Amino acid sequence: MTTFDDLREIYALPLPELLYRAATVQRANHDPADIQRCALLSVKTGGCSEDCGYCAQSAHYKTGVPATPLMNLEEVRERAEKAKALGATRFCMGTAWREPKDGPQFDRILDMVRLVRDLDMEACVTLGMLTDEQARRLKEAGLTAYNHNLDTSRRHYPKVITTRTYDDRIRTLHAVQRANIAVCCGGILGMGENEEDRLMLLAELAQLDPPPESIPINCLVPIAGTPLENAEPVDSVELVRLVATARIAFPKARVRLSAGRDRMSRELQILCFLAGANSIFFGDKLLTAPNPDASADADLFRSMGLPLTPNPSPLSTGARGESVALTPHPSPPSGEKRATVEASAS
Ligand code: SAM
Ligand code: DTB
Ligand code: SF4
């Protein structure tokens, strides 16, 4: 198992060596042209009882995000079909809940999972804390992965969230694993933690058995009205180092470059992909915050010379193991386009 000391050693390598090792691990375990695109939908927004210091949806802060009821199935179906047509291979749904209550709302979530699976996409949900029985029912509905982030190190956690503990989070991760659902678990950079805290988070992830199937690395999207509204942006090279370290420590995982891409240059995002990130959220909105829009991401992929198909080579597989190709390959980038230096989104 990778320890904190191992991680620190990897992280501190000279950057060219670190990137070389990360790219080597990447190529040994993945098709380097395969960057998964996941769609994200907030199926129940706002009014959450937790006090997560980064979150637009906490009822503890005045963020201007109104609480809305749980979406109906038809709306979710429409969004999922659209996402699939745009090339998403995973559909992720989030709720602003501390935990789901059993009853009609949880039953509707199960139906949402079924409808996404029936569209042949991977289904992921993030609903807060779960019981063993809820995890079992999600598995039965066909859930591919459960997203539940540890967010930061154990020691930094109480500075960000007071309404639940680190061990509460770990208990849910274990319930998910007992139900044989893949774990999607990562964190947020830029919440006042230092580089050691970030490595401590990776060390916690390394203790999960099996290790997470996917690791979202979010950069804080500062939300006006939350305690972290004025947090400093994350240093770009620190982000790249962390992505590369995660790639080396978790060779098989999808390392997902998650929130915060709309404030990253195209070049920084590309550096993260070279460092081993192989998944993004796409669509112009995350849960409540902005994300690069479809045309910015089309530019990003075009500039890398990567096709916009969900599975660009026979090495990659679709939601249920089969190869799928939904859209034609784009034409290769023009020389003029490649020479342009510009920020990717905004
Ligand atoms: N309520 C559930 C929970 O907390 O587990 C699920 C929804 S919650 C919004 C999903 C994840 O989004 C959080 O665990 C956090 O890591 C991430 N997140 C929330 N607000 C964010 C922000 N402003 N910037 C970056 N990531 C954020
Ligand atoms: C994750 O790690 N990042 C996504 C997803 N899992 C659910 C959420 C990002 C939220 C960004 C802030 C917002 O949209 O409110
Ligand atoms: Fe609620 Fe999740 Fe936001 Fe925390 S991160 S306030 S639990 S929606």
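Computed from the coordinates by the stated procedures, all read-outs in this text should not be read as laboratory data. Bear in mind the structure is a predicted one, so any value in this text is a computation, not a measurement. All Cβ positions, even for glycine, are placed from backbone atoms using ideal geometry, and neighbour counts span all protein chains on display.
Below is a table of values for the structure above.
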read-out	value
Hull shadow area, averaged, segment 129-272 [alpha-carbon convex hull, nm²]	8.9 nm²
About the Cα centre, charge dipole magnitude for the chain (Lys/Arg +1, Asp/Glu -1 at Cβ), debye	420 debye
Anisotropy class of segment 15-55 from Cα gyration tensor, a/c 1.5 cut	oblate
Sparsely packed trypsin sites (Lys or Arg not before Pro) within segment 202-286, loop by DSSP, other Cβ within 10 Å at most 13	252
For 4, 301, 250, 91, order by how many other beta-carbon atoms lie within 10 Å, fewest first	4, 301, 250, 91
Relative contact order [Cα under 8 Å, 6+ residues apart], segment 4-343, whole percent	21 percent
The chain: C-alpha gyration tensor shape, a/c 1.5 cut-off, then a/b vs b/c	rounded
Distance histogram in 10 Å bins (all Cα pairs of segment 16-148, percent per bin)	12, 36, 29, 17, 6, 0
Footprinting exposure proxy for 234, 255, 25 (fewest neighbouring C-beta atoms within 10 Å first)	25, 234, 255
Proxy reagent accessibility, fewest Cβ within 10 Å first, across 1, 200	1, 200
Rounded, prolate or oblate (a/c below 1.5 giving rounded, otherwise prolate when a/b exceeds b/c) for segment 86-141 by Cα gyration tensor	prolate
